[in-house]
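Visitor: A single structure is presented below for examination.
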Amino acid sequence: MPIPLLDALIAGDRAAVAELAGYRIPAEFPNAGALKLVRYRREQIANDGSWAPWSLRAIVLREGASMVGYVNFHGPPGVNDTATPNAVELGWTVFPHRRKKGYATETARALMDWAATEHGISRFISSTTPNNAPSLRVHDKLGFVRTGQVVDGEIIFELRR
Ligand SMILES: CC(C)(COP(=O)(O)OP(=O)(O)OC[C@H]1O[C@@H](n2cnc3c(N)ncnc32)[C@H](O)[C@@H]1OP(=O)(O)O)[C@@H](O)C(=O)NCCC(=O)NCCS
């Protein structure tokens with residue numbers, strides 16, 4: 001999501017959002033939690049423009065061009081829960097009525113492919129709470145394994161390619 005779009009989302013300027021996005025962003029996005037994330041990621045890019053490619057991306061359906069969720073890395077390589085050098089950490093959200101269609105799994109795979117091809121990344125970190133069954137299942141499907149670490153109550157997973 002380019003900077004002007006992030007700014008329009010933060011400002012609540014829905015006309016600008018619609019024009020800048022080129023795909024349909026549901027009115028429910030960003031909710032309060034997502035708005036906090038949008039602001040946080042926008043601030044990071046303002047501090048260091050090189051973070052932009054690692055920042056927020058919309059998950060958009062090829063057919064119908066609707067946003068169904070969003071995904072981001074925590075930052076460039078090395079910025080992750082375990083401070084592992086050259087590793088990147090992923091986070092994903094699919095809007096509630098769009099879940100269980102494989103979108104999170106497909107998106108995570110595509111983003112890891114991008115990081116591997118464009119930036120030579122071969123270590124991926126992810127974390128989730130023990131009671132988040134859908135997210136645990138996504139980790140399994142992607143081939144993530146538990147490292148045994150827990151950070152802020154979240155189980156840490158790693159995938160090496
Ligand atoms: C986690 C999340 C991104 C998954 O998105 P999604 O697009 O539905 O994921 P996928 O369709 O690729 O895979 C979900 C898997 O979990 C399974 N699942 C869903 N609900 C489940 C439940 N309550 N218990 C067990 N498995 C469940 C689905 O059946 C599917 O597995 P399958 O392909 O073997 O059938 C989505 O639930 C979400 O946005 N949750 C809120 C945000 C969040 O928790 N993000 C992760 C933080 S680390």
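Visitor: Using θ = phi - 60° and the Karplus form 6.51 cos²θ - 1.76 cosθ + 1.60, what ³J(HN,Hα) does each residue of the range 146-161 get, whole Hz, x for Gly and Pro?
Guide: Result, ordered by residue: 6, 8, x, 8, 10, 10, 6, x, 9, 6, 8, 10, 9, 10, 10, 10 Hz.
Visitor: Further question on the same structure: With labels modelled as points extended 7 Å from the Cα through the Cβ direction, what inter-label distance (nm, one decimal) is found for R109 paired with A65?
Guide: 2.6
Visitor: A further question follows. Please name whichever of Q44, A58, I3 sits farthest to the positive end of the charge dipole of the chain, dipole taken about the Cα centre and charges placed at Cβ: Lys and Arg +1, Asp and Glu -1.
Guide: It is A58.
Visitor: Suppose every K and R has +1 on its Cβ and every D and E has -1 on its Cβ; what is the size of the dipole of the chain about the Cα centre, in Debye to the nearest 20?
Guide: The calculated dipole for the chain is roughly 520 debye.
Visitor: At 7 Å along the Cα-to-beta-carbon direction for both A11 and V145, put a label point, then send me their distance in nm to one decimal.
Guide: The modelled label-to-label distance comes out at 5.0 nm.
Visitor: Counting GluC sites (Glu not before Pro) as exposed when in a DSSP loop with at most 13 other beta carbons within 10 Å, what is the longest stretch of the chain free of them?
Guide: My reading of the result: 64-161 is the longest stretch.
Visitor: Classify the range 84-161: rounded, prolate or oblate, from the alpha-carbon gyration tensor (a ≥ b ≥ c, eigenvalue square roots; a/c under 1.5 rounded; otherwise prolate if a/b is larger than b/c)?
Guide: Values: a/c = 2.10, a/b = 1.13, b/c = 1.86.
Here the range 84-161 falls in the oblate category.
Visitor: Only four residue types carry charge here, +1 at the Cβ of Lys and Arg and -1 at the Cβ of Asp and Glu. Report the dipole size of the range 1-68 about the Cα centre in Debye, rounded to the nearest 20.
Guide: 140
Visitor: To one decimal place, what Kirkwood hydrodynamic radius in Å is obtained for the range 1-68 from all pairs of distinct Cα atoms? Please list the in-between numbers first.
Guide: Details: mean 1/r = 0.0815 Å⁻¹.
Result for the range 1-68, one decimal place: 12.3 Å.
Visitor: Moving to a separate point now. What is the range 116-161 by shape, rounded, prolate or oblate, if you read a ≥ b ≥ c off the alpha carbon gyration tensor as root eigenvalues and call it rounded for a/c under 1.5, prolate for a/b larger than b/c, and oblate otherwise?
Guide: Taking the square roots of the gyration eigenvalues as a ≥ b ≥ c, the range 116-161 is prolate.
Visitor: Compute the length gained on full extension between H97 and T129: take 0.36 nm times their separation in residues and subtract their Cα-Cα distance, giving the result in nm to one decimal. Write down the numbers at each step before the final one.
Guide: On the way: separation 32, 0.36 × 32 = 11.52 nm, distance 2.13 nm.
Full-extension gain reported as 9.4 nm.
Visitor: Turning to a different aspect of this structure: From the mean inverse distance of alpha carbon pairs (Kirkwood) and the Cα radius of gyration, derive Rg over Rh for the range 46-122.
Guide: Ratio of gyration radius to Kirkwood radius for the range 46-122: 1.00.
Visitor: For the chain, take every pair of Cα atoms, bin their distances at 10 Å starting from 0, and report each bin as a whole percent.
Guide: Percent of Cα pairs in each bin: 10, 39, 37, 13, 0.
Visitor: Gap in Å between the Cα centre of the range 101-145 and the Cα centre of the range 38-56?
Guide: What the calculation gives is 21 Å, centre to centre.
Visitor: Sticking with this structure for a sec: In debye, nearest 20: dipole of the range 67-161 around its Cα centre with unit charges on the Cβ of K, R (+) and D, E (-)?
Guide: 440
Read-outs: derived from the displayed coordinates by stated rules, not from any lab. Worth saying up front: this structure is predicted, and the values here are computed from it rather than measured. Cβ: placed from backbone, ideal geometry, glycine included. Neighbour counts: every protein chain shown.
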